[in-house]
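The values are calculated or read from the model by the stated rules, or taken from the named source; none is laboratory data. Please read all numbers here as calculations on a predicted model, not as lab measurements. Here the Cβ positions follow ideal geometry from the backbone for every residue, glycine too, while neighbour counts run over all protein chains shown. For accessibility, only protein heavy atoms count, side chains too; no ligands or nucleic acids. Shrake-Rupley method; radii C 1.70, N 1.55, O 1.52, S 1.80 Å.
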Amino acid sequence: MIGMSAGGFNRLPNGSVVVALTLPRPGPTDTKVRILVHAANRARALTRLRNLGLRAVYLRGNTEPPTPDEITAVLHHPDGLLWRAAPESRQELWHPIRSLMRPAS
């Protein structure tokens with residue numbers, strides 16, 4: 001996984017953050033995915049991704065923060081971790097992170 005990624009974050013009124021990253025999709029594809037993470041702070045959001053095996057993920061700057069729709073989606077998901085193909089397709093729904101991290105069959 002490539003370390004440098006396009007992304008950003010928004011701090012919520014309760015002090016937590018939503019981090020959005022656009023990363024290469026794991027596996028032998030050339031596609032990218034947009035990943036959303038809800039956590040107590042930016043460091044914890046990145047730690048959640050690293051714990052899933054995305055070891056070299058870093059957030060540099062705030063060039064592509066999550067949109068209001070993305071924030072709503074991740075706040076309403078029980079895991080607080082979602083993804084979909086990038087660039088975003090309005091028809092594609094958000095997926096739980098487990099479905100991205102499954103090995104290809």
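Please count how many residues of the stretch 30-40 are open to solvent by 10 Å² or more (accessible area, probe 1.4 Å) and out of contact with any Lys or Arg (no Cβ under 7 Å at 6 or more places or on another chain).
3
Conditions (1) assigned to a strand (DSSP E or B); (2) open to solvent by 80 Å² or more (accessible area, probe 1.4 Å), marked per residue:
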| residue | (1), (2) |
| --- | --- |
| Phe9 | yes, no |
| Thr22 | yes, no |
| Pro28 | no, yes |
| Thr47 | no, no |
| Val57 | no, no |
| Pro65 | no, no |
| Ala73 | no, no |
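Answer yes or no as to whether Ala43 is surrounded by 16 or more Cβ atoms within 10 Å (Cβ to Cβ), hydrophobic (A, V, I, L, M, F, W, C) and at pLDDT below 95.
Spelling it out, it is not the case that Ala43 is surrounded by 16 or more Cβ atoms within 10 Å (Cβ to Cβ), hydrophobic (A, V, I, L, M, F, W, C) and at pLDDT below 95.
Would you say Ala43 is touching an Asp or Glu at 6+ places or on another chain (Cβ under 9 Å) and aliphatic (A, V, I, L, M)?
Here the answer is no, as Ala43 does not meet what is asked.
Within the stretch 19-36, is even one residue out of contact with any strand residue (DSSP E or B) (no Cβ under 6 Å at 6 or more places or on another chain), modelled with pLDDT of 95 or more and on the phi < 0 side of the Ramachandran plot?
No, every residue in the stretch 19-36 fails to be out of contact with any strand residue (DSSP E or B) (no Cβ under 6 Å at 6 or more places or on another chain), modelled with pLDDT of 95 or more and on the phi < 0 side of the Ramachandran plot.
Please find, among Val57, Val33, Val18, the residue that is of a type in the set (Val, Ile, Thr) and in contact with a Pro (Cβ under 7 Å, 6 or more places away or on another chain).
So the residue among Val57, Val33, Val18 that is of a type in the set (Val, Ile, Thr) and in contact with a Pro (Cβ under 7 Å, 6 or more places away or on another chain) is Val18.
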